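Data block below; observations after.
Just so it is clear, none of the values below were taken in a lab; they were calculated from the coordinates. Remember, predicted model here, so these are calculated numbers, not experimental data. Counting neighbours? That spans all protein chains shown, and the Cβs are built from the backbone with ideal geometry, glycine included.
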Amino acid sequence: MEQNGFRLKTGLAEMLKGGVIMDVTDADQARIAEEAGAAAVMALERVPADIRREGGVARMAAIRKIRQIMAAVSIPVMAKCRIGHFVEAQILEALGVDYIDESEVLTPADELHHVDKHAFKVPFVCGARNLGEALRRIAEGAAMIRTKGEAGTGDVVHAVRHMRAIVAEMRQLTVLSPEELFARAKELQSPYELVRLVAREGKLPVPNFSAGGIATPADAALMMQLGAEAVFVGSGIFKSEDPSARARAIVRATTHYQDPKTLLECCEELGEPMRGLDAAALKPEEQLQTRGW
Amino acid sequence: MPAPDQLEGEDQEKPRIRLGILALQGDYAAHARALERLGLRPESDPAAADGVWRWVRRAADLEGLDGLILPGGESTTMLKFLAEAGFLEQLRAFAAARPCFGTCAGAILLARRVSHPDQPSLGVLDLAVERNAYGRQIDSFIAPGEWEGVSRAAEPPLEMVFIRAPRFRQPGEAIQVLARWRGEPVLVRQGNLLAAAFHPELTEDTRVHAMFLRIIQTARQSPERLTKPA
């Protein structure tokens, strides 16, 4: 009986496709998310918008909170660990969460190394801004990639930039000659075997989701049309005026992302979205996406 | 232009299968890949020959289909969509008349009763299903399983991928158990309905999907279909 297989890790990501993974900070929010049709929830201490506002060190969520969330819902529960903090990851695995997000939203614990994700039975998702980053994370054992975007802003522009970058770089690989692929692997700072695999298949060997700044049904559908296979929504739901209605509308828009008439319905009678920050106005040191190497 | 019922008559003479894949949420694309390995093509593909498939996202998409695949994913999410505008009732009527194949969450939707937690279902497959009954993701596993294929002769074992899998309990008399894992039913058939607790769509082995296509072909040839349009 195989229990540590990479296929089981990507297999759960397959089950999440076409769905919305919602950030929640307690059991009540988790129930609202599940009731709205979330495919999974992400347990964290503070949503990115609050981390950004309050500052301080952002760490793995309190175990008691994660336990309460796991007990409250029947859908998969994910939790975040700090970049490189393999002990937080060990603890989350022992707790039994269904997926770990080694996330730039939390304060990094290592300035050079990411977690060796092959050493774990629990699957990991990691953020990426471009193909090189995505392939390095996959080489380390990530079973799902998501765009980083710029979390906690409600500004989708960086998620768009990252998804377009990854999709375009993959497309470019498919037309390169064998000798060009060796050179490109060097430029991408990624293992040649993975570069060759992407060149052959035209897509990542793991599911490719989107995150970071998605705040409206239209944002979710935009990311899906750009090639995302599912979306993460962080601050966008519980920082909005009517989280339950917004969550339902984003779930619906993610499924019917190719149908503008349904998207129109999704946008009707929604409360105010999260206030949002113009991501272009952020100073470089205020960006979360530059964390991770 | 011919009347709609004449069009329907013409369609019935075409040999190719028209299959739907419920694409509300989940691993519907993995099922499409399995069907493509068996020679089916997307309905929009002009080169489509032996059979075609299309995504089903609303009740109207069921029109004219010979069968439906209900994929893995989160059944709670799928139920939110089925609650809209009579979709659940139309899907129930479809499953009562036409072949359906559910994997994991799809099997949960087909079942008579669902527990852990209790939730609505189509109630067409005479089986009780307990959700997430093998545990959380770290308890997910891949196992070889003996199964009763079409030949009933010794076939190579099926590779069975269980992900946060449900358990099938209290199978009714009409249920035929095709495969077991540690004594418990994991692949069952009831007439034109097929259900797996595992994910054949996540392996390269297309034998379970091929079996479903044979169920559809047999159902299309039966006179019942001519008297019972969807």
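Averaged over the residues of A:248-261, the number of partner chain Cβ atoms lying within 10 Å of the residue Cβ comes to 2.
Averaged over the residues of peptide B:66-79, the number of Cβ atoms from other protein chains lying within 10 Å of each residue's Cβ is 4.
Pairs with C-alpha atoms separated by more than 19 Å, drawn from the list A:K9/A:K80; A:K9/A:K121; A:K80/A:K283, are A:K80/A:K283. Taking a ≥ b ≥ c as the square roots of the Cα gyration tensor eigenvalues, with a/c under 1.5 meaning rounded and otherwise prolate when a/b beats b/c, else oblate, which class fits the range A:1-120? Here the range A:1-120 falls in the oblate category. Using a Gaussian network model of chain B in which every pair of alpha carbons under 10 angstrom is joined by a spring, one finds that among B:A143, B:A30, B:A96 the greatest mean-square fluctuation is at B:A143.
Need one value for A:37-48: mean number of C-beta atoms belonging to other chains within 10 Å of its residues' C-beta atoms.
Mean shielding count: 2.
Where both bridge residues fall in the protein assembly as shown, DSSP classifies roughly 30% of the beta bridges as antiparallel.
Among the trypsin sites (Lys or Arg not before Pro) found in the range A:23-98, not one is both in a DSSP coil and sparsely packed, with 11 or fewer other Cβ atoms within 10 Å of its Cβ. Taking a straight line from the alpha carbon of B:K80, these lysines sit under 24 Å away, with near neighbours fewer than eight places off in the same chain left out: A:K17, A:K239, A:K261. Count Lys and Arg as plus one, Asp and Glu as minus one, and take only other residues whose Cβ is under 11 Å from that of A:A119; the net charge is then -1. Distance from the Cα centroid of the range B:161-225 to that of the range A:22-67 is 38 Å (rounded to whole angstrom). The chymotrypsin sites (Phe, Trp or Tyr not before Pro) found in the range B:75-115 include none that occupy coil by DSSP while having at most 10 further C-beta atoms within 10 Å. Exposed loop sites were defined as GluC sites (Glu not before Pro) in DSSP loop states (anything but H, G, I, E or B) carrying at most 14 other C-beta atoms within 10 Å; in chain A the longest segment without such a site runs A:112-240. Within the shell defined by Cβ-Cβ distances under 11 Å, the residues around A:Q68 carry a net charge of +2, with Lys and Arg each +1 and Asp and Glu each -1. Rounded to the nearest 500, the helix-only mean residue ellipticity at 222 nm of chain B stands at -8000 deg cm²/dmol, with each DSSP H run of n ≥ 4 adding -39,500 (n - 2.57).
Within the range A:131-172, name every residue whose backbone N is under 15 Å away from a label modeled 7 Å from Cα of A:T290 along the Cβ vector. Of the residues in the range A:131-172, A:150-151 have backbone N under 15 Å from the label point off A:T290. Looking only at A:K203, A:K17, A:K261, which one moves most when chain A is put into a Gaussian network model with springs between Cα atoms under 10 Å? Evaluated over chain A, the most mobile residue of the options is A:K261. Summed over qualifying helices (DSSP H, 4 residues or more, each -39500 (n - 2.57)) and divided by its residue number, chain A shows a 222 nm mean residue ellipticity of -13000 deg cm²/dmol. Using a cutoff of 8 angstrom between alpha carbon atoms and counting only pairs six or more residues apart, the relative contact order for chain A works out to 20 percent.
Comparing B:Q217, B:Q25, B:Q137 in a Gaussian network model of chain B where C-alpha atoms under 10 Å apart are linked, the largest mean-square fluctuation is found at B:Q137. According to the square roots a ≥ b ≥ c of the eigenvalues of the Cα gyration tensor, what is the shape class of the range B:107-170, taking rounded for a/c under 1.5, prolate for a/b larger than b/c otherwise, and oblate for the remainder? Since a/c reaches 1.5 but b/c is at least a/b, the shape of the range B:107-170 is classed as oblate.
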